[in-house]
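Taking it in order: structure first as structure tokens, then the write-up.
The values are calculated or read from the model by the stated rules, or taken from the named source; none is laboratory data. Note that the structure is predicted; figures quoted are calculated from it, not measured. Ideal geometry is used to build each Cβ from the backbone, glycine not excepted, and the neighbour counts take in all protein chains shown. Just so you know, the surface numbers come from the protein's heavy atoms only, side chains and all, with ligands and any DNA or RNA stripped out. Shrake-Rupley method; radii C 1.70, N 1.55, O 1.52, S 1.80 Å.
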Amino acid sequence: MLFCLEKSDSHRLIDVFEKGTRFYSQENAFHKRFVELFCTKEKFIFDCVLASTIKCLQKYQDDCKEVENQTNINQCEILIDFAWEKINIGHWKDVDVFWRKLYRIISFIKCVNLYISGGVIDAIKSCDMGLIMGAPIREELFTHEAADVISLGLSKEYTNIHVPTKRYVIPPRSLNIKEVPSINSPSLQYFMELLEPGTPFVMKNIISHWPAIKKWSPEFLRSKHGCRTVPVEIGSSYVSEHWSQKLMTLDEYISDYILSKSDSIAYLAQYELFKHITRLKEDISPLDYCAVSNSEVVTNCWFGPEGTVSPLHHDHYQNLFCQVYGYKRFIMYDRADDMHPHQHHLLKNTSQVDVESPTVTEEFPDMKEKVAWVVELGPGDVLYVPLHWWHHVRSLSVSFSVSFWWK
Amino acid sequence: AVVSTQSTGGLKVKNIAAGYWHCLALTEFDVVYAWGWNNKGQLGLSRENAMENMPVPLFEEDMEIDYISCGRSHSAFLTKDKSLYLCGWNKYKQCSEDANEDIYLDNRLKVNTPSATDVVDVVCGPWSTYFTTD
């Protein structure tokens, strides 16, 4: 694997390594908590590794060549295994955030040591594990930045060959279908008026300025961000027994599940990708429309092959769903409609009705009258899904979408 | 999983041991049952078994287990004829000095005890194994 960083980026990376390592070795609140948790032995290892890393980093800069430091890496592994244990015992809600902070810090330190000994691929993998499982100390972004710069060095050239080809699946004819209206580039004032009836609508020409619309393609993501590790859902539906999650690089995901036909469906769904791979934030911009409320906005990515299906369910947020690449079809029902949700407490927001089944109105006769709001989204379309509205989503081609959740 | 004598083939349990994500039960007639996570081979099963929701019996009929102990992700079995078997997480050499990978059913090893002395006791720490010989 070819690794090539421009001088300015190389300096920036070493700067992040230095600043981060020093920050963590001086972060008093964290050290105090370490002591409070009675981990004397582990804290000793932690202090030693940090001090040694600072020394090795200095040596790397002075000698201008790789520094061998397997001992540091081994010590990091011990602390990572130790933090990982604490994170994976008991209910995730009860896990002290300290362990997730420790996990991220040590993943970063391990990255530093791996990088200066020539292990670039393992270095960025370590960062990504720290980003996925760990937590930051306040607002610091050392691990994010380190990973973003390393990924610049692993960037490859590419050509866009894949064209999203639509495979349309017609909803059952027995459903009472209504088309969702679309509006061209509404003003903020008009948007607030459109919100009032509480029904869905599509806005056109409001994200055409996003660099993502022109830039993003499976080839682009694989070449520029392929080395990044992400959590992927395997299985046709999250209500199925065989549904699971797996960590893999974007390169593996795109090669095996997006650009080639696979036996199983894999979906990078409902993932705050832009909090993880911060470089991708540059290609999108927050929607002004979300600012109508003062609430926090959750930004998720939805990137998958043709044929991903999210069964009929509702969310506890207002949703502005932006289609960036490829095509998706939504079937939606009013929040007031009884959609026969599952009884299980974890699936109370999911309906038992399969709206695509040809026998749907035989199994659930009340589906004949209920209004099904149906719309097909293409690149550049933004769909407003009102709070608690039921929606079923199917990708009609390889698809990349960004959703903004707000209240 | 809540385990009753029904899950251990009607046999009464005389000893139990627990790791962080797995359990062992030693029953009368010296049969061991295991359940929980097998991500490191700690259940003494092969790589294909990711986990067992209900107890499964281990070992061949002629193996009589005298004592069991569990570490965080590894297991120790001491037989009546003083042989020690270890399986599971081996990153810190909890199970085998020589092997460089975790120990599953496929590569399960008998511990090489020094000379011909026999193992009389075994206990596991979270990331370690201690045993004494005659």
| Just to be sure, is A:GLU77 surrounded by fewer than 19 Cβ atoms within 10 Å (Cβ to Cβ) and either basic (Lys, Arg) or outside any loop (DSSP other than H, G, I, E, B) (or both)? | yes
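Picking from A:ASP148, A:ASP128, which residue would you name as being in contact with a strand residue (DSSP E or B) (Cβ under 6 Å, 6 or more places away or on another chain) and crowded, with 20+ Cβ neighbours inside 10 Å?
Values: A:ASP148 fails: in contact with a strand residue (DSSP E or B) (Cβ under 6 Å, 6 or more places away or on another chain).
Sole residue among the options that is in contact with a strand residue (DSSP E or B) (Cβ under 6 Å, 6 or more places away or on another chain) and crowded, with 20+ Cβ neighbours inside 10 Å: A:ASP128.
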| note | Only one of A:TYR103, A:TYR115 is in contact (Cβ under 8 Å) with a residue 60 or more places away in the chain and buried (at least 22 other Cβ atoms within 10 Å of the Cβ), namely A:TYR115
| message | Against the condition under 30 Å from the mean Cα position of the chain (by Cα), within 14 Å of another protein chain (Cβ to nearest Cβ) and within 20 Å of A:TYR115 (Cα to Cα), how does A:GLU85 come out, does it pass? | response | no
| request: Show the residue pairs that are 6+ apart or on different chains and have beta-carbon atoms under 9 Å apart, the first residue being within segment A:154-168 and touching a residue at least 40 places away in the same chain (Cβ under 8 Å) and within 29 Å of A:SER10 (Cα to Cα), the second being part of a loop (DSSP other than H, G, I, E, B) and open to solvent by 100 Å² or more (accessible area, probe 1.4 Å). | output: A:LEU154/A:MET1; A:LEU154/A:LEU2; A:LYS156/A:LEU2
| Looking at segment A:88-100, which of its residues are open to solvent by 70 Å² or more (accessible area, probe 1.4 Å) and away from every other protein chain (no Cβ under 11 Å)? | A:HIS91, A:TRP92, A:LYS93, A:ASP94, A:ARG100
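Of all residues in segment A:314-330, count the ones that are open to solvent by less than 20 Å² (accessible area, probe 1.4 Å) and farther than 30 Å from A:ASN160 by Cα. Can you show your working first?
Quick first cut of segment A:314-330, residues open to solvent by less than 20 Å² (accessible area, probe 1.4 Å) only: A:319-324, A:326, A:328-330.
Keeping just the survivors that are farther than 30 Å from A:ASN160 by Cα gives A:319.
Going through segment A:314-330 one residue at a time, the tally reaches 1.
From B:ASP81, B:ASP98, B:ASP106, B:ASP102, grab the single residue that is away from chain A (no Cβ under 14 Å), in contact (Cβ under 8 Å) with a residue 60 or more places away in the chain and not hydrophobic (A, V, I, L, M, F, W, C). Working first, answer last.
Values: B:ASP81 fails: in contact (Cβ under 8 Å) with a residue 60 or more places away in the chain; B:ASP98 fails: in contact (Cβ under 8 Å) with a residue 60 or more places away in the chain; B:ASP102 fails: away from chain A (no Cβ under 14 Å).
Criteria check complete, one pass: B:ASP106.
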| Index of the failed condition, B:GLY36 passing every other in (1) surrounded by fewer than 17 Cβ atoms within 10 Å (Cβ to Cβ); (2) under 30 Å from A:CYS76 (Cβ atoms); (3) within 14 Å of another protein chain (Cβ to nearest Cβ) | (1)
| query | For the subset of segment A:332-355 comprising residues that are in contact (Cβ under 8 Å) with a residue 60 or more places away in the chain and over 13 Å from A:ASP315 (Cα atoms), which member is surrounded by the most Cβ atoms within 10 Å (Cβ to Cβ)? | reply | A:VAL355
| message | Given the condition at pLDDT 95 or above and either within 14 Å of another protein chain (Cβ to nearest Cβ) or in contact with a strand residue (DSSP E or B) (Cβ under 9 Å, 6 or more places away or on another chain) (or both), answer yes or no: does some residue in segment A:52-61 qualify? | response | no
| query | Just one of the numbered conditions (1) under 28 Å from A:MET332 (Cα atoms); (2) surrounded by 18 or more Cβ atoms within 10 Å (Cβ to Cβ) is not true of A:LYS224; which one? | reply | (1)
| Which numbered condition trips up B:GLU60, out of (1) open to solvent by 60 Å² or more (accessible area, probe 1.4 Å); (2) away from chain A (no Cβ under 14 Å); (3) under 14 Å from the mean Cα position of the chain (by Cα); (4) at pLDDT 90 or above? | (4)
| said: Take B:LYS12 and tell me if it is open to solvent by 20 Å² or more (accessible area, probe 1.4 Å) and either touching a Gly at 6+ places or on another chain (Cβ under 7 Å) or more than 21 Å from B:PHE131 (Cβ to Cβ) (or both). | reply: yes
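A:PHE38 - would you say it is in a helix (DSSP H, G or I) and away from chain B (no Cβ under 14 Å)?
Numbers: in a helix (DSSP H, G or I): no; away from chain B (no Cβ under 14 Å): yes.
No, not satisfied.
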